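Right, one structure below, let's go through it.
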Amino acid sequence: MSIWEKANKIDELGYRVGNVRDMVELVAADLSDPHSGALWGIRDFLDHLQNEINLQATYLMADVNEMRELRDKLETLKAKKEKATKKK
């Protein structure tokens with residue numbers, strides 16, 4: 001599995017956590033007893049977790065893009081060196 005695919009899987013997990021958060025919020029909004037406070041706390045935790053997952057996926061994607069740029073620069077330098085060597 002490529003890094004790109006792994007980053008997409010991580011991002012997908014963030015969306016799944018977000019869906020659970022939304023369901024917990026719906027249940028908490030429907031309750032008017034003391035348990036709703038705990039559900040709102042769980043919702044807030046899931047919100048934080050989703051944000052952190054999405055942030056880590058973004059960092060991973062940025063790393064992938066940076067690695068691609070470095071690879072492209074290396075290939076360009078290699079091609080220039082080969083060209084210069086052929087001229088000699």
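Read-outs throughout are calculated quantities, based only on the coordinates presented, and are distinct from any laboratory measurement. No experiment lies behind these values; they were computed from the predicted model shown. Reconstructed Cβ throughout: ideal geometry from the backbone, glycine too, with neighbour counts over all protein chains shown.
Inter-label distance, residue 74 to residue 11: 2.5 nm, where each label sits 7 Å from its Cα along the C-beta direction. Think of the chain as a dipole: +1 on every Lys or Arg Cβ, -1 on every Asp or Glu Cβ, centred on the Cα centre; then among 7, 26, 38, 7 lies furthest on the positive end. A simple count of charges around residue 7, restricted to other residues whose Cβ falls under 14 Å of its Cβ and scoring Lys, Arg +1 and Asp, Glu -1, yields -2. Taking other C-beta atoms within 10 angstrom as a stand-in for reagent exposure, 58, 76 fall in the order 76, 58, fewest first. Against the chain, whose longest principal axis is taken from its Cα atoms, helix 35-87 shows a tilt of about 0°.
Where does the charge balance sit around residue 76 when Lys and Arg score +1, Asp and Glu -1, over other residues with C-beta under 13 Å from its C-beta?
Within the 13 Å Cβ shell, the charges total +3.
The count of lysine pairs in the chain with alpha-carbon distances below 28 Å, taking only pairs 8 or more places apart or on different chains, stands at 10. Mean sequence separation of contacting Cα pairs (under 8 Å, at least six apart), scaled by the length of the range 3-87, corresponds to a relative contact order of 37 percent. Relative to the longest principal axis of the Cα atoms of the chain, helix 3-30 runs at roughly 10 degrees.
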